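Q: Sharing a structure below in structure tokens format, with a few things to ask.
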Amino acid sequence: MNVILAQTDTTVGFLSQDSKKLYEIKSRKTSKQFIKVYQNFKTFLNDGNRVPLSQRVLVRRSKKTTFIIKDRAFRVASLKQNSQLLRDTSWFFSTSANESTKSFKRNFCEEKTDIIIENKDGLKENNSSSLIKINNIKRRKLR
């Protein structure tokens with residue numbers, strides 16, 4: 001599977017269904033998982049995921065928010081680019097497009113990616129998504 005460089009709903013990101021390639025690019029420990037971005041809530045549910053009943057409204061209505069349930073991070077977000085490749089894929093592992101702990105550098109990203117999807121606005125490093133850990137009873141904002 002290819003690694004795609006694209007503008008996500010929050011910032012510039014590497015997208016792929018192959019987490020091993022993303023671990024190599026980011027030089028990241030395999031104990032730290034990637035966010036799984038779903039095209040829509042139906043796709044999220046079809047992947048065998050469940051959200052606690054008390055938190056469903058929060059998850060469905062949230063924008064630019066990543067949730068953690070039982071140590072699995074996910075986000076439901078439509079990607080900004082009008083690309084058939086992105087529309088045809090129901091989910092991606094996602095991570096920010098940079099070296100670990102560094103800022104976005106286009107040269108680094110172009111060397112590490114197979115496909116670049118960019119619109120007239122270009123690729124911009126913006127704020128990352130909010131991060132909320134939820135369970136049946138409570139929610140805790142981590143970022």
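The values are calculated or read from the model by the stated rules, or taken from the named source; none is laboratory data. Quick caveat, the model's predicted, so the values are computed rather than measured. Using ideal geometry, Cβ is built from the backbone for each residue, glycine included, and neighbour counts are taken over all protein chains shown.
Q: Could we say that Thr89 is more than 21 Å from Leu131 (Cα to Cα) and either of a type in the set (Phe, Trp, Tyr) or within 15 Å of the chain's Cα centre (by Cα) (or both) here?
A: Working: more than 21 Å from Leu131 (Cα to Cα): yes; either of a type in the set (Phe, Trp, Tyr) or within 15 Å of the chain's Cα centre (by Cα) (or both): yes.
Yes: the conditions hold for Thr89.
Q: Which ones in the stretch 51-63 are more than 19 Å from Ser129 (Cβ to Cβ) and either modelled with pLDDT of 90 or more or surrounded by 14 or more Cβ atoms within 10 Å (Cβ to Cβ) (or both)?
A: Residues of the stretch 51-63 that are more than 19 Å from Ser129 (Cβ to Cβ), as a first pass: 52-54.
Across the stretch 51-63, the qualifying residue is only Pro52.
Q: Separate question: What number of residues within the stretch 86-121 are of a type in the set (D, E, K, R), in a helix (DSSP H, G or I) and over 24 Å from Phe74 (Cβ atoms)? Reasoning before the result, please.
A: Step one: of the stretch 86-121, the residues of a type in the set (D, E, K, R) are 87-88, 99, 102, 105-106, 110-112, 114, 118, 120-121.
When the remaining residues are screened for being in a helix (DSSP H, G or I), the result is 87-88, 106, 110-112.
Then drop every residue that is not over 24 Å from Phe74 (Cβ atoms), which leaves 106, 110-111.
Of the residues in that region, 3 qualify.
Q: Let me ask something else about it. Among the residues of the stretch 27-61, how many are touching a residue at least 12 places away in the same chain (Cβ under 8 Å) and hydroxyl-bearing (Ser, Thr, Tyr)?
A: Matching residues across the stretch 27-61 total 4.
Q: When the stretch 13-34 is examined, which residues are found to be in contact with a Ser or Thr (Cβ under 7 Å, 6 or more places away or on another chain), outside any loop (DSSP other than H, G, I, E, B) and either among the hydroxyl-bearing types (Ser, Thr, Tyr) or under 19 Å from Leu85 (Cβ atoms) (or both)?
A: Gly13, Phe14, Leu15, Leu22, Tyr23, listed by residue number.
Q: Tally time: how many residues in the stretch 86-122 are aliphatic (A, V, I, L, M) and either within 17 Å of Ser27 (Cβ to Cβ) or at pLDDT below 80 (or both)?
A: Kept after step one, since they are aliphatic (A, V, I, L, M), are these residues of the stretch 86-122: 86, 97, 115-117.
Next, only the ones that are either within 17 Å of Ser27 (Cβ to Cβ) or at pLDDT below 80 (or both) stay: 86, 97.
So the count comes out to 2.
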